[in-house]
Structure formats: structure tokens, C-alpha cells
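The next block holds one structure in the form of C-alpha cells; read it before the comments.
Nothing in this text is a laboratory measurement; each read-out follows from the coordinates by a stated rule. Computed from a predicted model, the values in this text were never measured in an experiment. For neighbour counting, all protein chains shown are included, and Cβ atoms are generated from backbone atoms with ideal geometry for every residue, glycine included.
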Amino acid sequence: MNAQRILILAQQVWLETLRRKDVYVLLILLTGFLAALMSVNAFGLGQMAAYMKETGLLLAWIFSWILAINTSTRQIPREESQGTVYLLLAKPVSRADVVLGKWLGTWSVTVVATVSFYAVLAVVALLRQSPFGLPTLVQALLLHSTLLAILTAIGIWFSTRLNYDAAATLTYVLTLAAWLVLPRVPTFVLNTTGFQQWGLMLCYYALPHFELFDMRRRLVYDAAPILLADLGLILLYGTVIIAFFLILAWLAWRRKRFVRGAAV
Amino acid sequence: MDYAIDISNLVVEFPVPGGRMRALDGLNLRVCPGQVYGFLGPNGAGKTTTMHILLGFITATSGTARLLGEAVSGPIARQRIGYLPEHPDTYRFLTGRELLTLAGRLFLMPRAALRQRVDELLALVGLTQAADRRIGVYSRGMLQRIGLAQALVHDPDLVILDEPTSGFDPLGRIDVRTLIAGLKARGKTVFFSSHELSEVERVCDHIGILAKGKLVSEGTVDALVKADESLEQYFLRMVS
């Protein structure tokens, strides 16, 4: 592995994403939604600010989720379908460099876009005279960024063996299930027995717990930041998951045969 | 002596419905440094598969392949190699200059030297005027030219070209021929596949003819082709 080549590949992802203009579209959409929300004052000033923050954060989550999955799952399949993988791998670049470069590029692009979403939201909240608490905001951003790193790692993993459409769909299904269903699994477990119970428990412990990275409610209701020890543990948990999926991606891609034009 | 290319008993099989298909069947091939080697064969003979093995895109079922004394499995061997694929599809969101800069950076070339080299190469392949245009608007011939330039950016010792003249008009073919002659004059090894037998006859020291995954003939053009036949006739005799 070579850090310099990984950074060069990550820069390529940046250049491509900026030229595709996806990020600008999402940012404009978010700003538009917030502007529309600001113009409405249906619930009185205090409630409106909380409602606006909640909706804005949900939109920031959804947009960053879309960006993370769409950007990460298209990187490797497109290299393969357009044939650029042959130019790339003919250079002294290892497959691990490509996997890490693609992941780093998509993650960093998504994080910068997410920071921009939060910045727009923070400005709007300030204009509504209901600013976010800075320490909580920083923690929320840090955890959200870690979550995006996990999403992009999963997206890259699926895309090493599947085409873009299949990889994106599978990543959406898995990650949304992990985010929305997993926190409710303990309730289901209580109502099941035998294999069903074991299966649910296995899912519960095997899938990443995205709810740990979600600090939106604390931000909306101006709650205090979480303890630093807890933050550290969640970040460690996230790092382990990211490493796990990136290793899976490398294992899936390192021996993949590229046979376009070969006598198959 | 380290051969530029050294392939021993190479077998490549691909899974196909109902069994396995042998694309290369015990291939043995050696290319000396400084040679211009024309790799010929009908479609499906295994030329591209051989090149893909050399570049690590495919792993062999059995046998060994070495480039400039290095095993082909790792990225070290590719440090001194330039490659032009058969279809030089490339990053269409980049300009020609950006693509060459990217290629040079992946070889960790110093920035100042790279800038100069990129300008030289753009002039060499006749793309100076189009250097700052997106590759997405390039014609087929221009794509082939920028593909050639990216293969040469780090001044490689061994250049592997898969059908380098496809997509070129007659003038472009003359340019490719001149370019290969220039590489040969500088002691570089060129290994290329082509269906243009007249081009091969003009530029190659050695030829190898591949049929059904086996090397059926190898040597200099003069030694192989009889006085009363053309390379085309010889080729047809060998592959039939």
C-alpha cells in the first residue's frame, strides 16, 4: 500500500464528484427546503425553531445518506464498465490502494457536503434566534462523519462484486434496515422463540448500530453533549466496523479477474 | 539475463457454462530487452489474455510470467511498464493534460519533471491544441493518441500495446510507426498485438503467432517468411 497513491486516487473522486455537480444539487435542495420552512410560522416561534431544526437535520441525514451510497457504489463498477480499470491497474497501484483511495475520496466528499448542510442549517437556526450548542454540534458532526465512513465502506464492499444498481440497492436496504429496524429488534426478540429468536439476535449483534451515531434529538432540544468516554467508545466501534468492511472489500476485489477483450 | 517478458508453461482457463475453456494452453514466450515484438493471432487466439496476465488483470491457472525479472502479481513490475489497452476508454471528465498528469503522479513523478513531460508527450501525439479539452469530446483517434501518451508518461522500459493502430487513419498509423521506431532507437522493448500485418512487417524485429492459446510460430520476419510469400500468407498458413 502507498499513502501517496491512495491520496491521488481520492483526489480523483473529488474532481469527478465536483464535475458531476451532485453535491450542488443536494445543497440547493436543502437550502430551498429550509427557506420554505423559514417562511412558514405555523406553530409559534419556539416550536417552529425546533420543528425547523428537526426537519433540517433529517434532510441533512437523508441527503448525506444518498450522496454517500450513490457516490461510493458507483466508483468501482464504473471503473470496470468503462474500462478505465485497465489503465489504472496497469500503473504501479495495488488493488488495496484503489479500494482505500475510492473509499477515502467518497467519504471525504460526503463529509464536506454534510458539513455544508449543517452550516446552512446552523445559519438558518441562528437567524431564527435558536442557535445550536457548539459542543453538541461538533460531536454530532463527528459521529455523523463516522456513520458516513461506515456507509461508504459498505457501499464500496458491495460494489466490488456487484454492478452499480445492485450495489446501491443492497446498500440502501441493508443500511436503512440497520438504522430503522435494528433498534426495535430487542422488542421483537421478546415475542419470539427458538431459531427465530436466535436469528434476530444474530442480526442485532452482526449489523452496525447506526442509532449510536445519531445525535439529532440532542441538537434539536439543546441537550448537553455526551460524555467524552462514551464518544470515544462509539468512535472506536465505528472504526472497527469501517476496517471490517474495507477488509471485506479488499478481499472481494484483490483476485477479481478483468477479462474484457480476453478470449472468454 | 532478465528477459523483458518471460512466460513459461502458462495455462489460463475460464469457467464457461458446462465446463472450463482453456484460453492459453502451455504458452512459452520470451522477449529480449530492446526488441520490438509483434504478437499476432486471429481473434480469440489469446493475445489480450496474455497481455492481461502480464499486467495482473487475470491470474494464471498454472505457469509463470515475469516482466523485467519481476513477478507480474505485484505492482513493482508495473513501475517500468507502459500499457495501452485495446479500447483506451478513459476518464472522460478529465482533460487530456489532467489524464497525463494523473498517470505521471501514479508513478510518483516529481511535479516539475512531470509538467515538462506532459507537454512533450502532448506534442509527440499531436494533442497540444486539445490538451485542455475534456476527453469526453475527443474523437476515436484522439482517444487512441491520449492512450498512447499516458502509456509513455514515465518513459517506461517496456511498452505493451494492444492493437495500437486501431482507430487511426493512415496518417495516425504512420505516427504510431514513427513512435515505435523512436522507442526502439532508444533501446526500449515494445510488445504489441495487431491485425495490421503490413504494420507488423515494417516495425517488428520478432513476431510470434498465437493460435488457440498456443504459440505456433516465432522468430524474425526474414527467417520465418519465405521469399515467395507475404507475411499475410505465412500467417494464414500458420493459423489454419
Checklist entry - Considering the dipole of region A:1-110 built from charges on the beta carbon (Lys and Arg +1, Asp and Glu -1) around the Cα centre, which of A:A36, A:V99, A:A60 is farthest to its positive end? => result A:V99
Checklist entry - So, in chain A, how many Lys pairs have Cα atoms under 28 Å apart, if the pair is 8 or more places apart or on different chains? => result 5
Checklist entry - Which longest uninterrupted range of chain A lacks any chymotrypsin sites (Phe, Trp or Tyr not before Pro) assigned by DSSP to a loop state (not H, G, I, E or B) and surrounded by at most 12 other Cβ atoms within 10 Å? => result A:44-220
Checklist entry - How big is region B:54-158 in terms of Cα radius of gyration and Dmax, in angstroms? => result 14.7, 47
Checklist outcome for this item: Computed from every Cα-Cα pair in region A:62-172, P(r) in 5 Å bins starting at 0 and rounded to whole percents is 2, 13, 19, 19, 15, 11, 8, 6, 4, 2, 1, 0
Next on the checklist: From zero outward in steps of 5 Å, how is the percent of C-alpha pairs of region B:130-191 spread across the bins?
Outcome noted: 4, 17, 28, 23, 18, 9, 2, 0
Checklist outcome for this item: For region A:3-253, shape from the Cα gyration tensor axes a ≥ b ≥ c, cut at a/c of 1.5 then a/b versus b/c, turns out oblate
Next on the checklist: Below 25 Å, Cα to Cα, which lysines can B:K226 reach? Residues fewer than 8 away in the same chain don't count.
Outcome noted: B:K47, B:K212, B:K214
Checklist entry - Once fully extended, how much extra length lies between B:I174 and B:T220, figured as 0.36 nm per residue of separation less the alpha-carbon to alpha-carbon distance? => result 14.4 nm
Checklist entry - Can you name the helices of chain B, as whole DSSP H runs, whose Cα span along the helix axis is 20 Å or more and whose Kyte-Doolittle mean is not below -0.5? => result B:170-185
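If you wrap region B:155-206's Cα atoms in a convex hull and average its projection over all directions, what's the area in nm²? It would help to have the intermediate numbers written out before the result.
Numbers: hull surface 13.8 nm².
Over all viewing directions, region B:155-206 projects a mean Cα-hull area of 3.5 nm².
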Checklist entry - Can you tell which of B:Q129, B:A71, B:T101 lies farthest toward the positive end of the dipole of chain B, using +1 and -1 charges on the Cβ of basic and acidic side chains (Lys, Arg; Asp, Glu)? => result B:T101
Next on the checklist: How would region A:112-161 be classified by its alpha-carbon gyration tensor: rounded, prolate or oblate, with rounded meaning a/c under 1.5 and the a/b versus b/c comparison settling the rest?
Outcome noted: prolate
Checklist entry - Nearest 20 debye, what's the magnitude of the dipole of region A:146-264 about its Cα centre given +1 on Lys and Arg Cβ and -1 on Asp and Glu Cβ? => result 600
Checklist entry - So what is the 222 nm mean residue ellipticity for chain B from helices alone, if each DSSP H run of at least 4 adds -39500 (n - 2.57) and you divide by all residues, rounding to the nearest 500 deg cm²/dmol? => result -10000 deg cm²/dmol
Checklist entry - Looking only at B:Y37, B:Y138, B:Y91, which one moves most when chain B is put into a Gaussian network model with springs between Cα atoms under 10 Å? => result B:Y91
Checklist entry - aspartates and glutamates near B:K188 by alpha-carbon distance under 15 Å, same-chain residues fewer than 8 away left out - which ones? => result B:D2, B:D155, B:D157, B:D205
Checklist outcome for this item: Output field shielding_mean for B:6-13 (other chain Cβ, 10 Å radius) holds 1
Checklist entry - Roughly what would the spin-label model give for A:R20 and A:A3, points 7 Å off Cα along C-beta, in nm? => result 2.8
Checklist entry - Near the amide H of B:T95, under 5 Å away, which other amide H atoms are found, from residues 5 or more places off or on another chain, if H is placed in the peptide plane? => result B:I135
Checklist outcome for this item: In degrees, nearest 10, the alpha-carbon axis of helix A:228-253 is tilted away from the dominant principal axis of the alpha carbons of chain A by 30
Checklist entry - Once both axes come from the Cα atoms, what is the angle between helix A:134-159 and the longest principal axis of chain A, in degrees from 0 to 90, rounded to 10? => result 30
Item to check | At most 15 other Cβ within 10 Å, DSSP loop - trypsin sites (Lys or Arg not before Pro), region B:85-141 | outcome: B:R133
Checklist outcome for this item: Mean projected area (nm²) from the convex hull of Cα positions in the protein assembly as shown is 30.2
Checklist outcome for this item: Over all Cα pairs of region B:5-239, the Kirkwood radius sets Rh, and Rg/Rh then becomes 0.97
Checklist outcome for this item: Scalar couplings 3J(HN,Hα) for region B:29-35 by Karplus 6.51 cos²θ - 1.76 cosθ + 1.60 (θ = phi - 60°), nearest whole Hz, x for Gly and Pro, are 7, 10, 10, 7, x, x, 7
Checklist entry - Amide H to amide H, which residues 5 or more places from B:V216 or on other chains are under 5 Å from it, using H placed in the peptide plane? => result B:I209, B:L210, B:A211
Checklist entry - Taking only Cα atoms, what is the 0 to 90° angle, nearest 10, from helix A:3-20's long axis to the longest principal axis of chain A? => result 60
Item to check | Neighbourhood net charge (15 Å Cβ-Cβ; Lys/Arg +1, Asp/Glu -1) for A:A223 | outcome: 0
Checklist entry - For chain A, what is the mean residue ellipticity at 222 nm derived from helices alone (per DSSP H run of n ≥ 4: -39500 (n - 2.57); sum divided by total residues; nearest 500 deg cm²/dmol)? => result -26500 deg cm²/dmol
Item to check | Estimated vicinal HN-Hα couplings, Hz - region A:188-205 in sequence order (Karplus 6.51, -1.76, 1.60; Gly, Pro = x) | outcome: 5, 4, 5, 9, 10, 9, x, 4, 4, 5, 4, x, 5, 5, 4, 4, 4, 8
